[in-house]
Amino acid sequence: MNFEEKKILITGGSSGIGKAIIAELYRLGARNFAVVGRDPEKLKKLGTRFPEATFLYLEGDVADLEQIRHFTTTLTAQWGKLDILINNAGVVSAGPLEQISDEDIIAQQNINVTGLILLTKYALPLLKLSPEAAIMNVSSGLGAIGMPFYAPYAATKAAVRQFSEALRRELKDFQIHVMTVYPVATDTPMMASANTGNMDTPEAVAANAIKGLSNGEIDVFMGGEQAAANRKLNFEHPLEFDEKVKGMYDAMRQRATNHRAM
C-alpha cells in the first residue's frame, strides 16, 4: 500500500500507540492526517513533530455521538473522501469487578466499543469513495484472552475483535480492508499506572501494525511465540489455561492495582 496520497483518520493519535502509528505512516510518506483527541495542546504538538504533514485537528470525544457526526461532516467538507480509518482510542479501568466504578465500566464501553462502531458507521460512506481503503481497529491481547481483574476492559476489546470480523465479511463487495491489532502491555501513558514490566514499545506495535496493513493481514498479534501458544491453549483447552492463569493470579492482581487510564 502506498501511503503518500492517503487521507488518514486516527483516534487517540496524540500520544502512545496512536502517535507512533502516525510517525510510522509519516516515515512511509503519509502527509494527510485527521486526528481525534481530547487534549488540544497535545494535538497541536503533532504539527511541530511532523512538520511536512497537514493535520486536521478534531478535538473531541469518541464517546459523544454528536461529536462523531461533526468529525465526519468536517472530513466530508475538507477532504470529500477517506482512505484509512484507524480506531485507536481506548481507556482502561482495572481491578476486581465489584470495585470498578459504574461510571468507569460505562465509559470503557462507550469509548472502546460504541464510539468505535459509530465512528466507523459514519466514516463508511467516505471510505467507500476510496479505490483502496482500510479500517484498522486496535483491540488488545486481553481481547483474545480474558484475564482476571480486567473483565470490563477485556469485554470491550473482545467486542472490537468480533466487530472487525463481522464487518470484514459485510464489506465483501467493497475495496475496504478490515484489520485488527492486538497489542500486549505497551509502554504508553495508558500503562503508566499499571504495576508491570517487560513492555513492548509503541514504535514496535506501530511498525508491526503498518507492516500488517501493507501485507493485507486481517489480524496482527503482538507478544511473540509465548502469546501465540497461550491463545492456542486457551482456545483449544480453556480449562487447562485456567490452571495456568492460577500461577499468574497474584501478578495480575498487582498489575491491576491502581491501573486506571480514563
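Structure above, values below:
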quantity: Relative contact order (percent, whole number), the chain, Cα cutoff 8 Å, 6+ residue spacing; calculated: 21
quantity: DSSP beta bridges in the chain [antiparallel fraction, %, rounded to 5]; calculated: 5
quantity: Straight-distance crosslink candidates among lysines, where the alpha carbon sits under 28 Å from Lys211 and sequence neighbours closer than 8 are dropped; calculated: Lys6, Lys7, Lys19, Lys42, Lys44, Lys45, Lys81, Lys121, Lys128, Lys157, Lys172, Lys232
quantity: Likely footprinting exposure, Glu4, Glu225, fewest C-beta neighbours within 10 Å first; calculated: Glu225, Glu4
quantity: Candidates Ile100, Ile135, Ile22: whichever shows maximal mean-square fluctuation once the chain is modelled as a Gaussian network with Cα springs under 10 Å; calculated: Ile100
quantity: The chain: most fluctuating residue of Phe149, Phe50, Phe33 per GNM, C-alpha cutoff 10 Å; calculated: Phe50
quantity: DSSP-assigned coil residues among GluC sites (Glu not before Pro) in segment 19-75, each with at most 11 further Cβ atoms within 10 Å; calculated: Glu52
quantity: Relative contact order %, segment 1-76, counting alpha carbon pairs below 8 Å whose residues are six or more apart; calculated: 28
quantity: FRET efficiency, 1/(1 + (r/R0)^6) with R0 35 Å, evaluated for Glu59 and Thr196 via beta carbons; calculated: 0.65
quantity: Part-to-part distance (alpha-carbon centres) for segment 186-256 and segment 1-27, which is given in Å; calculated: 22
quantity: The chain: most fluctuating residue of Thr48, Thr156, Thr201 per GNM, C-alpha cutoff 10 Å; calculated: Thr48
quantity: Segment Ala227-Gln162, length gained on full extension (0.36 nm per residue, minus Cα span); calculated: 21.5 nm
quantity: Selection from Leu75, Ile86, Gly197, by position along the positive dipole direction of the chain (Cβ); calculated: Leu75
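We did not get these values from a lab; they are worked out from the coordinates using the rules stated. Because the structure is a prediction, the values reported are computed rather than measured. For neighbour counting, all protein chains shown are included, and Cβ atoms are generated from backbone atoms with ideal geometry for every residue, glycine included.
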